[in-house]
Number of protein chains: 2
Amino acid sequence: MSPVQLPDLTTSDVVALTAAVCDIPSVSGEEGPLADAVEAALRSYAHLEVLRDGDTVVARTTLGRSRRVIMAGHLDTVPVQGNLPTERRRGADGQEELWGRGAVDMKGGVAVALQLAATLGAPRTDVTWVFYDNEEVAAELNGLGRVARRHPDWLAGDLAVLGEPTSGGIEGGCNGTLRADVRATGRTAHSARAWRGDNAVHAAGEILTRLNAYRPAEVDVDGLVYREGLSAVGIRGGIATNMVPDECVVTVNYRFAPSRSVQEAEAHVREVFDGFELSVTDLAGGARPGLTDPLVTEFVSAVTATTGGRPGPKYGWTDVARFAELGIPAVNFGPGDPALAHADDERCPTEQITGCARALGAWLGGDVQPAH
Amino acid sequence: MSPVQLPDLTTSDVVALTAAVCDIPSVSGEEGPLADAVEAALRSYAHLEVLRDGDTVVARTTLGRSRRVIMAGHLDTVPVQGNLPTERRRGADGQEELWGRGAVDMKGGVAVALQLAATLGAPRTDVTWVFYDNEEVAAELNGLGRVARRHPDWLAGDLAVLGEPTSGGIEGGCNGTLRADVRATGRTAHSARAWRGDNAVHAAGEILTRLNAYRPAEVDVDGLVYREGLSAVGIRGGIATNMVPDECVVTVNYRFAPSRSVQEAEAHVREVFDGFELSVTDLAGGARPGLTDPLVTEFVSAVTATTGGRPGPKYGWTDVARFAELGIPAVNFGPGDPALAHADDERCPTEQITGCARALGAWLGGDVQPAH
């Protein structure tokens, strides 16, 4: 079988290119054929140096510009639910939409990047295009994280733009996220003689009382307001239907503003659930929006001149936080409504795809300043 | 292979007989070999009419006495946990104990019944000895229930004594039991944007608050005080660790005094959890202790004259409730501490086994009133 191929990156319409990228299925762990097609397509452009690690493909210009922008997007998707191949349909408002797995998260962003990588032979900054694997699964598999560990120099730069869906607006930074198991304990007994035991599920009532009383903060960070949240995402307790449970575990998720450190976030949650056993199972800091950085300001001005929107905060944790850890300001900017990511009816107005391509092309392509 | 055999019922010591009954493993569903041995042993006594349904064996005298006592016990046990064959050991207090699966629940009671069935050729009342299968598993498999449906005449009588472990005391009747799923509902959302959802686990806090506020009643029934209880026996909620749950189910178990009907019990629980969806998953009425019945009074006097104890209430639901449904007063009386039933270190002081045999023998064998 010959390898799958992408259409010509230079001449193809970016919506057709998005459909083609979607139509090469690449569920997490199975990105190989798409990564091969991406690598093969990019290697035909002399202005790009192409690197590969696993199923992550990196292509970069080496024009000696004073500044370097990293444009990053993941190749993988969540599992296909009978929603491939893609279809173009007319939406209720008459708008053309591209339907299918990846249309939102995030093959539109990938297609925009592929086209600009091919066509921008002399961008105004040097650009590193990163197409990575395993974003939708466990953090330790994440291709961007792997490259950061193995080849940190591949990710050097002054600003990172992650093509995650933002409905074509700019979303700065992201909230951090902490998960913890809060444990109420007791003593088991037969439920016919419940007074001999000490019911851990009843004791967990106090954990829920505290969650109900909690008032999440709204925190201004660099001019964007991040809304926090503390939620139970799971609860479990009980051994048998005739036993008083001796353990009840409430799994909580704290989403915290990027101005808080991970240490501060953990201390806060421990204070809220003081008196209960608590173990942190997942903890990742957020990313400040970096809107005060000069290069970010330029990017925001150029993009909003085209799209007309204003930057907002990103609530969900995204890989911008990985760039924040490397000290690189990072924003999210891509086509598609994030609320439709992973949905069976995942779909994107095609105008958002062309709009993103136009905005990024105008910024990176315009006003080229030759090196030195 | 020749079928397993029990020792001679007439000449064997009742503790040795208990050990022999234990040493024929009979986990629920696998009672066949023991039922065969019981049937074969009982058929050799001319004063007994022996009947069989599945792995339930019924043996009865037909002396034409004015009253009939039903002595019932189950043949099955919960799974063996390396605790067979039985061993005799000396307890900390110097008392001899029989260790092994079934020593408590309830092969001591079975052995006592087998010995008395064989030796009491002319008991003071007619006696129906019932050895049944599948007590430890789902109610619909219960051998006593099956016989009640198929051969109700086999269970006709004026008093039933169930040989369940009571540490050799008399425990009258039993509490009823109701299980229900109490459901809190909400609306799902990504936990990064929790304010868009409505957290069902948080909503379940109110269910736990009501459980914590609940004060169970103590109810006097026929002179015995039944202690009630309302306990969460399980709780579950949560779809994924980044989702606001839209459902949380608390499984509650209400143990209610035998003076309440099942309808009253259900109405009570619905009132406690008013405002929540509630579905009853299991409901079985209790059994009044029947201590005002003349035959029960005689039984209690005779047994307590030997054992010295006073009757107490039975809190756990037992098959006495099946006799209560048939309109037959029923009590629990058998060797072994119920708290050790099903335990890996299940064990019974051998003195309790001989004590029960002595007390029942004195009652059933003494003061024989010839028929007519």
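List the distances, in nm to one decimal, from the label point of A:ASP282 to the label points of the same position in every other copy, shortest first, placing each label point 7 Å from Cα along the Cα-to-Cβ direction.
3.4
How much area per residue is accessible in the protein assembly as shown when the probe is 1.4 Å and only protein heavy atoms are counted (Å²)?
Value for the protein assembly as shown: 39 Å² per residue.
By a straight-distance test (C-alpha under 26 Å), which lysines pair with B:LYS107 as possible cross-link partners, with residues fewer than eight away in the same chain excluded?
Answer for B:LYS107, where 26 Å is the Cα cut-off: B:LYS314, listed by chain and number.
Using unit Cβ charges (K, R positive; D, E negative) and no other charged atoms, how large, in debye to the nearest 20, is the dipole of region B:176-284 about its Cα centre?
Around 480 debye, computed over region B:176-284.
Using a Förster distance of 56 angstrom, determine the FRET efficiency expected from the C-beta separation of A:SER44 and B:THR185, and round it to 0.05.
Efficiency, rounded to the nearest 0.05: 0.50.
Would you mind listing how long region B:206-314 runs along its three principal axes, going by Cα atoms, in whole Å with the largest first?
Principal-axis extents of the Cα atoms in region B:206-314, largest first: 66, 26, 23 Å.
Mind checking how much accessible area B and A bury in total, 1.4 Å probe, in Å² rounded to 100?
Values: alone 16000 and 16000 Å², together 28970 Å².
Counting both chains, the buried surface is close to 3000 Å².
Sum -39500 (n - 2.57) across every DSSP H segment of at least 4 residues in chain A, then divide by the residue count to get the 222 nm mean residue ellipticity, nearest 500.
About -8000 deg cm²/dmol.
Restricting to Cα pairs below 8 Å that are 6+ residues apart, what does the relative contact order work out to for chain A? Please round to a whole percent.
Value for chain A: 23 percent.
Need one number for region B:126-171: average projected area of the convex hull over its C-alpha atoms, nm².
4.1 nm²
Roughly how many Å² of B:TRP317 are accessible to a 1.4 Å probe, to the nearest 10?
Roughly 80 Å² of B:TRP317 is accessible to a 1.4 Å probe.
So what's the gap between the Cα centers of region A:295-372 and region B:263-326, to the nearest angstrom?
When both Cα centres are located, 70 Å separates them.
Whole Å is fine, so just give me how far the alpha carbon centre of region B:87-139 lies from that of region A:202-261.
With region B:87-139 and region A:202-261 each reduced to a Cα centre, they are spaced 52 Å.
Once every Cα of region A:82-171 carries one equal point scatterer and solvent is ignored, give the base-10 log of I(q)/I(0) from the Debye formula at q = 0.14, 0.19 Å⁻¹, two decimals.
Treating every Cα as an identical point scatterer, log10 I(q)/I(0) equals -0.68, -1.10.
Taking all pairs of different Cα atoms in region B:84-123, averaging 1/r and flipping that mean, what Kirkwood radius in angstroms comes out?
Over region B:84-123, the inverse of the mean reciprocal pair distance is 11.7 Å.
On each of the three principal axes of the Cα atoms of chain B, give max minus min coordinate, whole Å, ordered largest first.
The Cα atoms of chain B stretch 79, 47, 45 Å along their principal axes.
Which length gain, in nm to one decimal place, applies between B:ASP13 and B:ARG150 when the Cα-Cα distance is subtracted from 0.36 nm times their residue separation?
Gain on extension, B:ASP13 to B:ARG150, equals 45.8 nm.
Dipole size in debye (nearest 20) for region A:16-118 around its Cα centre, Lys and Arg Cβ +1, Asp and Glu Cβ -1?
500 debye
Based on DSSP, what percent of beta bridges with both residues in region B:15-162 are antiparallel, to the nearest 5?
Percentage antiparallel, nearest 5: 50.
What does the convex hull of the alpha-carbon atoms of the protein assembly as shown project to on average, in nm²?
Reported value for the Cα convex hull: 41.9 nm².
Give me the angle, in degrees from 0 to 90, between the Cα long axis of helix A:350-365 and the longest principal axis of the Cα atoms of chain A, rounded to the nearest 10.
Tilt relative to chain A: about 60 degrees.
Based only on Cα atoms, what Rg/Rh ratio does region B:181-225 have, Rh being taken as Kirkwood's radius?
1.36
Would region B:300-362 count as rounded, prolate or oblate if I go by the C-alpha gyration tensor, calling it rounded below 1.5 in a/c and otherwise prolate when a/b exceeds b/c, oblate otherwise?
It comes out oblate by the Cα gyration axes.
Between B:ALA16 and the same site in the other copies, what are the distances in nm, shortest first, taking label points 7 Å from Cα along the C-beta direction?
Result, one decimal in nm: 9.7.
Could you please state how large a percent of the accessible area of the protein assembly as shown is carbon and sulfur, counting protein chains only and using a 1.4 Å probe?
The value for the protein assembly as shown is 49 percent carbon and sulfur by accessible area.
Region B:1-133: Rg/Rh from Cα coordinates, Kirkwood Rh? Walk me through the numbers before you get to the answer.
Numbers: Rg = 15.0 Å, Rh = 15.2 Å.
Taking Rg over the Kirkwood Rh, I get 0.99.
Run the dipole for the protein assembly as shown about the Cα centre, Lys and Arg Cβ at +1, Asp and Glu Cβ at -1, nothing else charged, and hand back the magnitude in debye, nearest 20.
Around 740 debye, computed over the protein assembly as shown.
Check each residue of region B:236-250 and keep those whose accessible area, probe 1.4 Å, is at least 40 Å² smaller with all protein chains in place than in the chain alone; give them in order of residue number.
Correct list: B:THR241.
Treating the point 7 Å from Cα along Cα-beta-carbon as the label, what are the nm separations from B:ARG270 to the other copies, to one decimal?
B:ARG270 label point versus its equivalents elsewhere: 4.9 nm.
The values are calculated or read from the model by the stated rules, or taken from the named source; none is laboratory data. In this text the structure is predicted, and so the values were computed from the model without any measurement. Backbone-built Cβ (ideal geometry, glycine too); neighbour counts: all protein chains shown. In case anyone asks, the SASA skips ligands and DNA or RNA and just uses the protein heavy atoms, side chains included. Shrake-Rupley method; radii C 1.70, N 1.55, O 1.52, S 1.80 Å.
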